[in-house]
């Protein structure tokens, strides 16, 4: 089998043409917009390599291999070697290293050995087949030892000499004895790596309430903290069941549009704004950023006598209150008309004018013979 057979191309899974599962890559990678520049290939010798799920590493191409995105390579590991797919080359690698706060000064960088050969891929496939049975057995061992932890995934190194156990725990766990049992049971080098609930949801996958695949398992590779303040800025209901995702944490999508809302709310009055009118005292109840409207209530906590006005009218009332003036109402600065205003003097505007009974005209009776004056001849 030729080495070029292990080169992956863009396809249904994002890398492989035929949906190959050798390197599991369901995440969207950084778009290399400088790949077509001739001088970009010689900008740096560092290459970004992606392994199972979201684990990535940066390796030095000491042999000056002509690598492109999707190439399967054997890289240096401790101990042995690992198998991964090239996900980024060129000058953008340095930007990614700077973004991830990875410093290359002092420590000797790891190297890329070669493109993966047939023997490397066969050993890689054998190691991957052990992952699921190892995960089931490791969960049983942790339960027997009474450890408050959950092992979410197991990743074997490309040569099968090392296994990474991803676990979830709410409290600090002393797994020194557990590592000894794992080493005796699986006969490999053990590495324990703690992950959070969001990372676990990304590894398991699922469908969100929007009907799409979860962001954490489709494209998100880094997770930032989400606070309830972001939901308040967007006037989202503070119902915990609606704010929480499948990982029981606040939904990551709450942070997507928060910057746009913060920028738009700078042109709105403060939420603590109180408007005084001759009728009532109004408090801010709801803000509609898209319509540029604000709904006020006469009660701080409940929806009472709601009045919705636009932002310009709100600033007008605020300016009047600062001058010591109080409009009659929020909607319009005018007094209600009295009962005599606009009275229809002629009564033509009355709706009951046709209901009045008209007087019947009396008809004259025709003269009868013998009555009245005689007719002259």
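The values are calculated or read from the model by the stated rules, or taken from the named source; none is laboratory data. Quick caveat: nothing in here was measured; it's all calculated off a predicted structure. FYI the Cβ positions are ideal-geometry reconstructions off the backbone, even for glycines, and counts take in every protein chain you see.
If I go through region 51-91 residue by residue, how many of them are within 28 Å of residue 204 (Cβ to Cβ) and part of a loop (DSSP other than H, G, I, E, B)? Steps first, please.
Taking region 51-91 as the starting set, the residues that turn out to be within 28 Å of residue 204 (Cβ to Cβ) are 51-58, 69-70, 72, 75, 77, 82-88.
So of that shortlist, the ones also part of a loop (DSSP other than H, G, I, E, B) come out as 51-55, 69-70, 77.
Of the residues in that region, 8 qualify.
Can you say whether residue 201 is farther than 20 Å from residue 52 by Cα and either in contact (Cβ under 8 Å) with a residue 60 or more places away in the chain or not assigned by TED's automatic domain parsing to the domain that holds residue 225 (or both), as far as the supplied structure shows?
On the way: farther than 20 Å from residue 52 by Cα: no; either in contact (Cβ under 8 Å) with a residue 60 or more places away in the chain or not assigned by TED's automatic domain parsing to the domain that holds residue 225 (or both): yes.
Spelling it out, it is not the case that residue 201 is farther than 20 Å from residue 52 by Cα and either in contact (Cβ under 8 Å) with a residue 60 or more places away in the chain or not assigned by TED's automatic domain parsing to the domain that holds residue 225 (or both).
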(request) Of the conditions (1) in the same structural domain as residue 37 (by TED's automatic domain parsing); (2) crowded, with 19+ Cβ neighbours inside 10 Å; (3) at pLDDT 85 or above, residue 111 clears all except one; give me its number. (result) (2)
